[in-house]
Amino acid sequence: MSFAQPRSLEEAVSLLSGGAATLLAGGTDLYPAHVGKPLPRHVVSLGRVTELRGISRQGAGFRLGGATTWSEIAAASLPPAFDALRQAAREVGSIQIQNRGTIAGNLCNASPAADGVPPLLALDAAVELASANGTRQLPLSEFITGYRRTARQPDEILSAVIVPPSAGRSAFVKLGARRYLVISIVMAAACVEMAPDGSIGSVRVAIGAASPVAQRLPQLERELAGLAAGIRPSSRVATRHVESLRPIDDVRAEAWYRRDAAIHVLGAALDRAAGFESS
Amino acid sequence: MSGVSFRLNGRNVISASPAVTRLSNVLRDEFRATGTKSGCDAGDCGACTVQIDGELACACLVPVAEAEGRSVVTVEGLASNTSTGQALQDSFLAQGAAQCGICTPGMLVAAAYLLDHETAPSRARIADALSGVLCRCTGYSKIVDAIVGVASAPCNVATPKAGKAVGARIARLDGHPKVSGREAYGADAIPPDALFVRAIRSPYHRAGFSFGDLDAFMAANPSIIRVLTAADIPGRNIFGVIPPFADQPVFATGETRFRGEAVAAIVGERSVIPDFDEGSFPIVWTERPAVLTPEQAEDPSAALIHENRPGNILVRGRVIRGDTDTAIAAAAAMVEGEFSTGFVEHAYIEPEAGWARRVKDRIEVTVSTQSPYLDRDDVAAILGIEPDAVRIIPSGCGGGFGSKLDLSVQPFVALAAWLLGRPAAMVYTRPESIASTTKRHPARMRSRMAADADGRLLAMEFDGTFNTGAYASWGPTVANRVPVHASGPYVVPNYRAESRAVLTNCVPAGAFRGFGVPQTVIAQEQMLDMLALKLGLDPLDFRIANALTDTTPTVTGQVMGDGVGIRTCFEALVSHWQRARREAVAFNQGQGRKRRGAGVAGMFYGCGNTSLPNPSTIRIGLKPDGRIALHQGAVDIGQGSNTVIAQIAADALGLPLACFDLVAPDTDLTPDCGKTSASRQTFVTGKAAELAGRALRRAMLRLGNAGDDAKLDIADGRLIVIEDAVVRALILERQTRDAHGYVLCAEESFDPPTAPLDADGQGIPYAVYGYGAHLAEVEVDLDLGTVKVLKITAAHDVGRAINPVLVEGQIEGGVAQGIGMALMEEFTPGRGENLHDYLIPTIGDVPPIESILIECASAVGPFGAKGIGEQALIPTAPAILNAIHHATGARITRTPATPDRVRAAITAMERP
């Protein structure tokens, strides 16, 4: 058995080069997956890799260290385009979970209901993967490849989330069957950039828990661009925009309902991002 | 060995556990700081919440290595390491914020964090701050009150004087250990040298199995010292809470009948058992076709689950009165409906746990239980020894709600300790607890109900099918209680109610707060609304007009004679009802997608066993030092019997409560007070305590040669008897003592007077019923089908509120469970065996609850008191469902009313 606590990313990736170790960040997914079972025998813990933590400017955009916690994101001073991400940060599990859970862990766990994914898709975020051979970047939309599957290789660490400059304002809406501590039935994030005349300039909108991987809705985005001032974007969201989704039946809801509710949740997120009061 | 050093509550410690070990386990197992509780090991319940460098964390998600160099504060260190820890602990105790107490440490740690950062937080901020900790007992209200109370003013609780204990709002007498973290629950006082036991359980609903080479397995795993199977059981491999129906094996033989059934157990050192890789156990499973619903089980082609149960019918129940067909044919209005409910999980925050040790030819089992004497008799039969060779010592119980009436860890730990001669312990994981322990019965109910043109109920018909799972458990009790209660608290001259419990390959369904009645009212109270609407009557007026009275017969032909408070409960809601209906109608004038509604529901519920003996016996002794020993065998699972029984005994005896020492439940030390179930402890054990208190009083008066009107006191080891200004003092040390070492002792029993039910269910099933009515106000999102409960107003006739704080606590907790049952809780065997898929209400899901206590005394109960434990939950769900209908026009016939079901019902209505 081994439990390594590297102090640098370089050291961490070198420990992974064998490929047999399990990465541990906040532990909020790893421990629940091992209730009453043996814990992994070889663990590389990222808790002491300080360079993986924190939020910094990167060019005109931002760099979020992979081990940045949800609480740190919620408390960070960030532009309005990050509002959805910060709102999502307050909805991930509980305060106890938000204090431990990391953004990289959320992405690498690749749950269809990961609350971090839609806001980051709406920010056009990319992920940085580090290994002993160097780093590479992938758009987030290419990183998560399926239900609990990602493009991360066993010797790679998701070292940062890279967010390009974004001028808009965003909002996150989560639908669950109880008030707190709940896995989403569906959730949506929207980022809206207004044109100077008050019409909608551009929109990026993503829906989660309604398909194996959260996804952007490009047709809806195109249709909303140019929407005149004073018109609620929710009035334009229709069944056709969610027909491509492939939600599942599970203990939380039936598939038809997820598709149905997605329309309303998308509308609510878009309205808020566009500056409308909740209806 | 990690050698991790950190500060624990201000003290430097060094851990020898592997670095990856959960911090919660290190705190509990290595440093014996067992105030930090383990409820799920998955971050879902928050019971293990601690502060790490001043930030909240679930200790179950933190590798101990991450604590290196940090400061960890647990409930044990809260008073000295946070600014408000002590004040919070005092306030929790004073306000009744701790019931079973298992969530209390996590709540306190989270609250202390909040108050270290904000001095006077709003109730909304408090909810946000505590949202990561689940409570299953309190409904959260008194927890929030306690935190608000710290910020506003310190609270003092006066000790009542002699004769003033009944009715006093005193803090629970057993509360200090619950708020300090010292209370020892099932997993908290396991001896360090104990072996651990782990069951090997069926992964299939039904399966054949054969063991591989167990000797080779043992040889390859030297830390496993024994494998137990059915062949190792010295006595009988059968147990069950109702002896004539006992049918459940400790270890299945031949085939398993449900997913989660044990076939074997491994016993070994603590270091290896909890994390044992079950996949390495040598067993071959053969999955077989299973029946999971009554429809499947009753199909003539279905295999019999038990050979002696033809048609897979466990038991039937019925109550018949008058002629329903004729009455319905002549009625002015008739409604009919079909309703169904799902499995509901008890979801106490403490999973099953306990340990046993062999003491020569006796076995002692310390366990989280609701029924020590039932446990004793079953453990004795399994070990093949006499019942008096078994001692059951109930540990602190972190929630029961009915499921801890049945055996869980008891036979495993008893068998291992008996055979191996070393203490043996077992702690269920959360998935194991959910998969293998009893649930609320799913019900499928059909009903017809009719009334005359004046709104007088004429007839009800009820046909209920209950999925009782693979073994009997409390299925017969549910099947018998349901037809007695399916009328609700109304006068129904023509009545036909039939029930049957059907065996399936599901986890056994057993007792859960209400024994089938909470399901029944979901049909019956919605039907009443449907009938009132059809007649154009106000639903509350309709109920008042048909409510039972002291002089009208129940459907079993019983006339109570006194203490029938249902009409008073309904009348207490009238002004609230009128306001709520008016406000909802006004709100709905708006154009938004939200609609509000108000709904009402009533209930009655018989206290104690149905037409069967269920005596309690209380012993009270006067000690030579002048203290009073109260042998109180009613297990306090959070509801408050340790306090309530003492309050009753004190006033019956006529001495201050402060004179009493509690002798806690223990089958060697306390006479049998039966089980903590059926809302019977305040009523039955309370009556026994009243009788014993009065008997001891008489004996003390005789000792002082005084008459009945004399006053008693005890001071400085003397019994003081004051009569007509004559004071006599007896030095107690000089008196002779009985076999218990007491100067005087009284032991009295009480068994509620009932009479058997005949073939049509006519008779006297209960000596007393509790009554209640709830008003629910809700807001429904029409687009999403989500339901937010805005307020519950709960009127309950408890006969006499022995301790109003505890009564309110029962009501608030019952309402919270009712909200869960109404809106979110459903277990599907094999799916979601955890507390993030199985949802119970969080602090944000329970609205303000206004309790209205009605005291229509019943002469048979102690000081007029009746039960409240189950009554509190029963009307909540139908009141909510009626409110949803009022808000939307949609009738929900399948619970829980999850967003998808509510949305479907609304959509179906929109599409004519």
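Each reported figure results from applying straightforward, stated rules to the coordinates on display, with no laboratory input. A quick note: this is a predicted structure, and the numbers were derived from the prediction, not measured. Positions of Cβ are generated from backbone atoms using ideal geometry, with glycine treated the same way; all protein chains shown enter the neighbour counts.
Taking chain A as the reference, fit the longest principal axis to its C-alpha atoms, fit the long axis of helix A:255-273 to the helix C-alpha atoms, and give the angle between the two in degrees, 0 to 90, nearest 10.
It is inclined by approximately 80 degrees.
Using a 10 Å cut-off around each Cβ of peptide B:18-25, what is the average number of partner chain Cβ atoms that fall inside? Walk me through the intermediate numbers first.
On the way: counts 5, 7, 15, 2, 4, 1, 1, 0.
The shielding value for this peptide is 4.
Jot down the radius of gyration and Dmax of the range B:606-654, Cα atoms only, both in angstrom.
My reading of the Cα-based Rg and Dmax gives 13.2, 43 Å.
Could you put B:335, B:144, B:484 in order, starting from the residue whose Cβ has the fewest other Cβ atoms within 10 Å?
B:335, B:144, B:484
Given the range B:616-750, what whole percent of its Cα pairs are spread farther than 26 Å?
On the way: 1829 of 9045 pairs.
The calculated P(r) of the range B:616-750 puts 20 percent of pairs beyond 26 Å.
How high is the relative contact order of chain B, in percent, counting Cα pairs under 8 Å that sit 6 or more residues apart?
14 percent
Hey, got a sec? Which GluC sites (Glu not before Pro) in the range B:283-358 land in a DSSP loop and have at most 10 other Cβ atoms within 10 Å?
The qualifying sites are B:307.
May I have the convex hull volume per residue, in Å³, for the Cα set of chain B? Walk me through the numbers before you get to the answer.
On the way: hull volume 158.0 nm³, N = 912.
That works out to 173 Å³ per residue.
Could you work out the percent of alpha carbon pairs in the protein assembly as shown separated by over 46 Å, rounded to a whole number?
35 percent
Could you list, in their original order, any pairs among B:404/B:791; B:37/B:687; B:161/B:687; B:37/B:623 whose Cα atoms are separated by more than 27 Å?
B:404/B:791; B:37/B:687; B:37/B:623
For every helix of n ≥ 4 consecutive DSSP H residues, a contribution of -39,500 (n - 2.57) applies; sum these over chain A, divide by its total residues, and give [θ] at 222 nm rounded to the nearest 500 deg cm²/dmol.
Taken over chain A, the calculation gives -7000 deg cm²/dmol.
Averaging over every viewing direction, what projected area does the convex hull of the Cα atoms of the range B:1-157 cover, in nm²? Mind dumping the intermediate values first?
Numbers: hull surface 33.4 nm².
Across all orientations, the range B:1-157 yields a mean hull projection of 8.3 nm².
Using a 10 Å cut-off around each Cβ, can you sort B:766, A:180 from fewest to most neighbouring Cβ atoms?
A:180, B:766
Per DSSP H run of n ≥ 4, the term is -39500 (n - 2.57); total these for chain B, divide by its residue number, and report the mean residue ellipticity at 222 nm rounded to 500 deg cm²/dmol.
Computed mean residue ellipticity for chain B: -8000 deg cm²/dmol.
I need two numbers for chain A: Rg to one decimal and Dmax as a whole number, Cα atoms only, in Å.
Taking only Cα atoms of chain A, I get Rg and Dmax of 18.8, 63 Å.
Averaged over all directions, how much area does the convex hull of the C-alpha atoms of the range A:169-273 cover when projected, in nm²?
So the mean shadow area of the Cα hull is 6.3 nm².
Just to be sure I follow the definition: excluding the sites themselves, where is the longest run in chain A that has none of the GluC sites (Glu not before Pro) in a DSSP loop with at most 14 other Cβ atoms within 10 Å?
Details: sites that count: A:243, A:277.
Longest gap between qualifying sites, sites excluded: A:1-242.
Return the average number of partner chain Cβ atoms within 10 angstrom of each residue Cβ along peptide A:32-42.
Neighbouring Cβ atoms belonging to other protein chains average 6 per residue here.
I'd like the distance between the alpha-carbon centres of the range A:233-252 and the range A:169-222, rounded to an integer number of Å.
A separation of 12 Å, based on Cα centres.
Springs between alpha-carbon atoms under 10 Å, Gaussian network over chain A: tell me which of A:197, A:29, A:260 tops the mean-square fluctuations.
Evaluated over chain A, the most mobile residue of the options is A:197.
Spelling out what I want: for every residue of the range B:240-246, take phi, set θ = phi - 60°, compute 6.51 cos²θ - 1.76 cosθ + 1.60 (Karplus), and round to whole Hz; glycine and proline get x.
Along the range B:240-246, the couplings run x, 6, 10, x, x, 9, 3 Hz.
Between residue B:332 and residue B:295, 0.36 nm times their residue separation minus their Cα-Cα distance comes to what?
Once the chain is fully extended between residue B:332 and residue B:295, it gains 9.9 nm.
Quick one: Cα convex hull volume of the range B:703-764, Å³ per residue?
147 Å³
Rounded to the nearest 0.05, what FRET efficiency do residue A:244 and residue A:20 have when you use their Cβ-Cβ distance and R0 = 35 Å?
About 0.35, to the nearest 0.05.
Roughly how far apart, in whole Å, are the Cα centres of the range B:187-218 and the range A:44-100?
The range B:187-218 and the range A:44-100 have Cα centres separated by 43 Å.
Would you list B:285, A:70 from fewest to most Cβ contacts within 10 Å?
B:285, A:70
What three numbers, in Å, describe the spread of the alpha carbons of the range B:739-869 along their principal axes, ordered from the longest?
The Cα atoms of the range B:739-869 stretch 67, 42, 35 Å along their principal axes.
Among A:265-272, B:102-109, how do they line up by average Cβ neighbours within 10 Å per residue, starting with the highest?
Output ranking for A:265-272, B:102-109: B:102-109, A:265-272.
Round to a whole angstrom and tell me the spacing of the C-alpha centers of the range B:711-761 and the range B:119-134.
Here the two parts' Cα centres lie 47 Å apart.
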